[in-house]
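Only one structure is covered here, and it is reproduced in the block below.
The values are calculated or read from the model by the stated rules, or taken from the named source; none is laboratory data. Owing to the predicted nature of the structure, the values given are computational and were not obtained by experimental measurement. Because the Cβ atoms are built from the backbone with ideal geometry, glycine has one as well, and the counts that use them run over all protein chains shown.
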Amino acid sequence: MPLTKHLKDSEPFNGLPDDLFQEIRSSATLAKYPPQTYIFRQGDPPTGYLYVIKAGLVEMTALTPGGGDMVLDYRKEGAFFGGTPLFTGEPYTGGARTVKETECYLIPQEILRRAERNHPNLSQYFLRMVHSRVRRLYSDIVADHNRKVLTQIEAYPFKKRLSEIMVTPVESCLASESAQQVARRLSEKNVSSILVLGKSGDPVGIITEKDIVAKVLAPEDADPKILTAGEIMTPHPHALPPETYMYEAMAYMNGHRIKHLPVIDRTEVVGIVTLRDLMRYRSQKAMFLVGNIQEEQRLEGLAAIRKELLTVARSLLSETRSTPEVMEILSYIHHSIIKRAYELCLEEMKSEGLEPPAIRHCFLVMGSGGRREMLLGPDQDNGFIFENVPDERMPEIEAFFGPFSERLVQALARIGYPLCHGKVMANNPAWRGRISDWKSRIRGWVNDPEPQNVRYSSIFFDFIPLMGDPNLAQTLRAVVNTEIREFQGFLYHMMSLDLRFRVPVGILGRFALEKNGEHKGEISLKQGGSIYIVDCIRMFALEKELTSITTQERLKALVDRNVFDPETAEHIRAAFEALTFFRLRNEIALIEKGKEPSHYINPYALSKNEQDLLKEAFHAVSKLQDATKRHFGRTPF
């Protein structure tokens, strides 16, 4: 990729004059790095260069409390890294390690520092993270929390990515090679599989020891000198990208019943992992959960697995850099449990002679489950979509899905997912229906935005498909976008209802505590803070018809659409992470005491720094509320 072409299209370089680009181009040098090589490590002094990837793949790493490396992010062709220390002079806060052979442009620090004099946005871009008070406080408090945690229950291996454990380079052969040559190579290299590559170098098949035994040794008429690799291979091998987490890979391999998994970056093979590799690196408790959910045959077993989420959450929080990432991992396990409960209930129905009708259908999860932002005590928010069928078929459909929904909802309650107080569950007929039924409901909510309808829509609009035909969910998403597009005033009403309440911090900086009831003397981290971030970002996402679902993904997409500038988005992101950190830590502490998880805390039981962080986070939420109010207050009816 041409250096100047990329920089001209990227912030913060897109406003620089052409003569500066010419100087950058003439001064930049090229450097090649082999696979699995550190370009710099966390704590190293600045090298004096900004790195722009011409070709290859780089993972950004950070040290865990135990001294290991975790992968924070991936940078691909055209991305740049290593810029902040050029302006701060401080050591690198993370490392940069190649996944495969990588070539980078190196732009000298002197050019960028000179350019900064006339273009201060250059340094401002790289210093935003450094200057965020919310981010600094949050990082310090998380680091302090990590130092105090005594039980490091193998959380880090649970969060390893395939790029960190894969074997590279990968043994390969051509389809024309003989089975005898393949078997000899397996033996000489002491490997259990070999990839078969096509003419363009992409994998067209895989041969394992099992294939050699079953297709070459076992048949009496098989001649290993004549049989070719193309004849004995398993075609179209399953594969995953290098940034995939171990827990995802293990679930994927279990689901497809495979023991060898190529790791592919776009079309290039960069490594391979085996089930044995995953088991060797796994966190014994956490990986056990993911690896055994699919094998569980009883609801009681799923309930036991769900209780183990406390251990997973405590472990992840002990070394995490990102509480939203912890939510995604917890949500992944929650979703796996819910899916397995669905399968067990369906098997029960079939064993009783009750077969589902022959229609396309989709089971949805909504709310925090749909956003993949579940913590330890999520309740149920779910429903069903059916394809459009004639009215005369509905009795048949309801005769199955009515009892099935009731069985599923009660099964989930037994496992540990409380019933929704608002009855936003599939066993409520109002949360089942054909596409046409849902269209009528959504139109009713949008055109009659009274408070209850707005509350229902806030839960529903975060839906994702969990079981069944996902195309139905895509169709429904298009319905939502159409209805809101036709009556944008709905977003005004959503804003008006949501922003009637303010964050629980008074004018003088004191926390506004609950004065009565069960939570007297406490504040809600959810109702007083994080819910406003979720709701406000959702409103902007609905207006822009974004497909992103998680709050973090939506925020990133809104920055890309120039709805928020990067600095504002970083404050919001840091506030969201801080509030989530406090919520999750509080839930863990309550469950350990035998209590129900809750988002209510006594803020004055926190340390002074933690109180300051909470106030800063609430302040960021308040500014977001004001921005949302200004924006949607202008929405035309």
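Worth a mention:
- Number of the condition not met by Asp211 [criteria: (1) buried (at least 17 other Cβ atoms within 10 Å of the Cβ); (2) charged (D, E, K, R); (3) modelled with pLDDT of 85 or more; (4) within 32 Å of the chain's Cα centre (by Cα)]: (4)
- Residue in region 169-185 that is modelled with pLDDT under 90, polar (S, T, N, Q) and surrounded by fewer than 17 Cβ atoms within 10 Å (Cβ to Cβ) present: no
- Residue check for Lys199: more than 24 Å from Leu278 (Cβ to Cβ), of a type in the set (D, E, K, R), in contact (Cβ under 8 Å) with a residue 12 or more places away in the chain and not assigned by TED's automatic domain parsing to the domain that holds Glu328: no
- Of the residues making up region 500-519, not a single one is assigned to a helix (DSSP H, G or I) and not charged (D, E, K, R).
- Just one of (1) in contact (Cβ under 8 Å) with a residue 40 or more places away in the chain; (2) within 29 Å of the chain's Cα centre (by Cα); (3) part of a helix (DSSP H, G or I) fails for Tyr492. It is (2).
- Residue among Gly517, Gly529, Gly509 that alone is in contact (Cβ under 8 Å) with a residue 40 or more places away in the chain, surrounded by fewer than 14 Cβ atoms within 10 Å (Cβ to Cβ) and either more than 24 Å from Ala478 (Cβ to Cβ) or among the small types (Gly, Ala, Ser) (or both): Gly509
- Check on Ser27, hydroxyl-bearing (Ser, Thr, Tyr) and modelled with pLDDT under 85: no
- Residue in region 453-467 that is farthest from the chain's Cα centre (by Cα), counting only those that are part of a helix (DSSP H, G or I) and of a type in the set (A, V, I, L, M): Val454
- Looking across Leu419, Leu466, one residue alone is in the same structural domain as Leu346 (by TED's automatic domain parsing) and in contact (Cβ under 8 Å) with a residue 60 or more places away in the chain. It is Leu466.
- Test for Phe401: is it under 24 Å from Met349 (Cα atoms) and surrounded by 21 or more Cβ atoms within 10 Å (Cβ to Cβ): yes
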